[in-house]
Amino acid sequence: MEELGWLAARLSAAWLALVLALIVLPSALGVSLGISEAYMWVLVKTLEWATIRIEKGVKKPQPEVLKTPAANGIIERDETPMEKEIAGLHRMEFQFSDIFYFCRKGFEAIVEDEVTQRFSSEELVSWNLLTRTNVNFHYISLRLTVVWVIGVIVRYCFLLPLRFTLAAIGITSMIVGTTLVGQLPNSSVKNYLSEVVHLTCSRILVRALSGTIHYHNRENKPQKGGICVANHTSPIDAIILTNDGCYAMVGQVHGGLMGVIQRATVKACPHVWFERSEIKDRHLVTKRLREHVANKSKLPILIFPEGTCINNTSVMMFKKGSFEIGGTIYPVAIKYDPQFGDAFWNSSKYNIVSYLLRIMTSWAIVCNVWYMPPMVRKEGEDAVQFANRVRSAIAHQGGLAELPWDGGLKRAKVKDSFKEEQQKNYSKMLVRNGSIGSLPTGTESD
Amino acid sequence: GRQWQELPPGKRKKGERGSGFTSEQIEHLHRRFRQLSRDQLTIRKENFDSIPDLEFNPIRAKIVHAFFDKRNLRQESSGLADEINFEDFLTIMSYFRPIEMNMDEEQLDRFRKEKLKFLFHMYDSDHDGKITLQEYRNVVEELLSGNPHLEKESARSIADGAMMEAASICGPDQVYEGITFEDFLKMWQGIDIETKMHVRFLNMETIAHCY
């Protein structure tokens with residue numbers, strides 16, 4: 001019995017040493033041994049094979065080439081504007097058929113609406129061997145099932161413990177490292193060391209998620225004294241960005257482990273953490289951020305103006321608060337590849353722990369990050385227009401749809417002012433048409 | 001918590017036969033139903049509040065009402081249901097099915113009648129089988145509601161104008177008592193409504209439906 005315990009201890013020590021040598025050390029030094037690349041290559045080949053197997057397995061012959069549904073829609077929306085449709089009608093039809101138009105629009109909205117579908121995960125066109133992404137798991141072939149079972153074993157028994165270990169190492173070293181650096185008096189040495197610690201720990205954490213990130217246009221990386229603005233898909237967005245540079249984070253103070261990390265890191269680096277009560281006071285928030293930005297030697301702030309996690313197929317309304325601070329805005333577009341793992345955090349469906357578990361048992365997190373040229377507010381542009389301009393740029397770069405909707409719609413209802421606009425348009429038209437000869441002069445309709 | 005994950009095949013078959021949707025369309029509608037009902041087995045009126053696109057619609061209340069109207073659910077002749085299940089949801093959705101190429105005369109006629117009946121129920125809010133002038137006015141007012149520039153008078157004159165047209169077709173007496181469904185059908189003879197009252201599904205050729 002004793003021997004078994006001793007053996008187990010030896011094995012875990014060997015395991016830990018291997019992890020440290022092969023993963024932690026290279027990431028601390030910023031070099032890559034090529035293990036992740038090899039892993040991704042194997043993964044891609046396997047998934048391609050799996051897709052072909054599924055295509056063969058489906059009984060119905062599919063003559064058309066598989067194409068992603070346009071704009072993730074399932075119904076054909078009739079985009080005829082209301083005016084055209086109603087103007088061309090016989091007057092009698094018009095009187096009763098205005099209700100057709102709204103009936104149909106109402107039904108279209110009930111079958112599928114543009115907004116709510118952004119708050120559920122993007123639909124994949126082929127299966128990536130994760131059951132969670134295939135609700136109708138049909139038995140296709142024995143080989144496929146075997147591969148899937150192997151996949152499960154690999155993911156849960158090998159990848160998960162590995163990632164968990166790495167994450168633990170990463171978080172611990174972050175807390176310990178920043179606390180140590182925080183003891184030093186303020187100086188350039190301290191700043192340098194704090195950057196080193198942050199970068200190293202981010203790299204370890206990215207490895208913990210098997211993250212493969214492609215950075216584009218690095219010459220546009222956010223500079224000191226600026227504000228970095230990005231679209232939001234998940235809590236790991238921050239780690240993705242800090243993997244490549246140092247930022248001052250902005251956020252609410254949390255309890256638990258997150259709170260510990262926040263308190264430790266703020267000693268080393270001037271992150272901006274707000275108490276819950278302070279967040280409500282918009283002026284206070286803006287003031288503090290302004291002070292931070294005014295100091296040109298401070299790290300750029302990282303802000304996610306959407307305010308909530310969107311499923312990475314679109315960019316929703318940016319809250320204007322971030323754009324009132326002034327300073328230079330550095331937009332960044334982040335697009336995840338859903339093929340290897342869904343990074344979107346559906347906070348109404350999963351809590352943070354189950355979300356992290358899902359992430360850690362996915363194949364990998366693959367994403368593209370585009371740094372875009374800096375933007376400033378133009379003369380005569382107000383915060384809202386500026387916000388929209390930045391949002392368009394990000395959406396365009398990342399290939400995401402632009403929606404005028406507020407991310408807050410995840411939980412709240414549409415404002416009345418929107419509704420009234422539509423009704424105003426309609427009634428303007430109705431009065432115009434209806435008042436042309438209100439009484440019929442013997443119009444027959446068979 | 002979750003009540004069910006996916007549609008049992010028996011229900012799907014039944015849905016196919018009854019509503020005329022294909023299996024894939026039913027799966028999609030089923031997912032939508034689950035989304036709206038938050039994974040419960042039935043939907044209530046409040047569940048429709050979670051659709052932002054619907055907020056735009058001036059006759060939103062009438063549309064939602066139509067889902068719970070027992071006359072549309074093919075049950076007893078009148079009254080409102082408190083909640084509906086997926087089968088009922090499919091039944092209401094089937095009123096908006098597009099025409100299929102292979103329909104014969106009789107089917108087309110029945111199809112048309114069903115859609116017009118749905119519309120009739122929407123106007124006839126007191127469920128007495130007749131659309132009175134007041135009921136029609138109510139609908140027009142709802143369509144125009146929220147616009148401060150439009151006075152009640154204009155809405156009233158538009159409503160009256162429509163009723164006069166109806167009178168010219170059905171006969172003035174009917175109009176005063178209220179338009180019955182037969183009169184309603186007469187009014188719509190020869191006018192193409194089938195292409196206006198439908199929602200067309202895109203051809204979903206995806207292989208494994210991933211979610």
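The values are calculated or read from the model by the stated rules, or taken from the named source; none is laboratory data. All figures in this text were calculated on a predicted structure; none of them were measured in a lab. Cβ placement follows ideal geometry from the backbone for every residue including glycine, while neighbour counts extend to all protein chains displayed. The accessibility values were calculated without ligands, DNA or RNA, using every heavy atom of the protein model including side chains. Shrake-Rupley method; radii C 1.70, N 1.55, O 1.52, S 1.80 Å.
Applying a threshold of 6 Å to beta carbon distances and a minimum spacing of six or more residues, or different chains, the list of pairs starting in segment A:387-400 at a residue that is under 12 Å from A:Val229 (Cα atoms) and ending at one that is small (Gly, Ala, Ser) and buried (at least 18 other Cβ atoms within 10 Å of the Cβ) reads A:Ile394/A:Ala333. Would you call A:Arg118 part of a helix (DSSP H, G or I), modelled with pLDDT of 75 or more and within 25 Å of the chain's Cα centre (by Cα)? No: the conditions fail for A:Arg118.
Among residues of segment B:43-64 that are assigned by TED's automatic domain parsing to the domain that holds B:Phe86 and free of Cβ contacts under 8 Å to residues at least 12 places away in the same chain, those with a Cβ under 7 angstrom from a residue that is of a type in the set (Lys, Arg) and open to solvent by 30 Å² or more (accessible area, probe 1.4 Å), sequence gap 6+ or separate chain, pair up as B:Asp49/A:Lys413; B:Leu54/B:Arg60; B:Glu55/A:Lys413; B:Glu55/A:Lys419; B:Phe56/A:Lys419; B:Asn57/A:Lys105. Filtered by the rule that a residue be open to solvent by less than 80 Å² (accessible area, probe 1.4 Å) and within 25 Å of A:Gln183 (Cα to Cα), segment A:269-287 gives A:Cys269, A:Pro270, A:His271, A:Val272, A:Trp273, A:Phe274. Annotation note: of A:Thr200, A:Thr165, A:Thr178, the sole residue that is in a helix (DSSP H, G or I), more than 30 Å from A:Gly398 (Cβ to Cβ) and open to solvent by 20 Å² or more (accessible area, probe 1.4 Å) is A:Thr165. Assessment of segment A:241-258 against the conditions (of a type in the set (A, V, I, L, M) and open to solvent by 60 Å² or more (accessible area, probe 1.4 Å)) yields at least one matching residue. When you look at A:Tyr336, is it at pLDDT 70 or above, under 24 Å from A:Val44 (Cβ atoms) and either loosely packed, with under 14 Cβ neighbours inside 10 Å or hydroxyl-bearing (Ser, Thr, Tyr) (or both), yes or no? Considered against the rule, which asks whether it is at pLDDT 70 or above, under 24 Å from A:Val44 (Cβ atoms) and either loosely packed, with under 14 Cβ neighbours inside 10 Å or hydroxyl-bearing (Ser, Thr, Tyr) (or both), A:Tyr336 comes out as yes. Restricting attention to segment B:130-177, the residues being modelled with pLDDT under 75, more than 10 Å from chain A (Cβ to nearest Cβ) and touching a strand residue (DSSP E or B) at 6+ places or on another chain (Cβ under 7 Å) number 1. Looking across segment A:203-225 at every residue that is open to solvent by 70 Å² or more (accessible area, probe 1.4 Å) and outside any strand (DSSP E or B), the one that is farthest from A:Val260 (Cα to Cα) is identified as A:Glu219. Among residues belonging to segment B:86-114 that are touching a residue at least 40 places away in the same chain (Cβ under 8 Å) and among the β-branched types (Val, Ile, Thr), point out the one that is least open to solvent (accessible area, probe 1.4 Å). Across segment B:86-114, the extreme among qualifying residues is B:Thr91.
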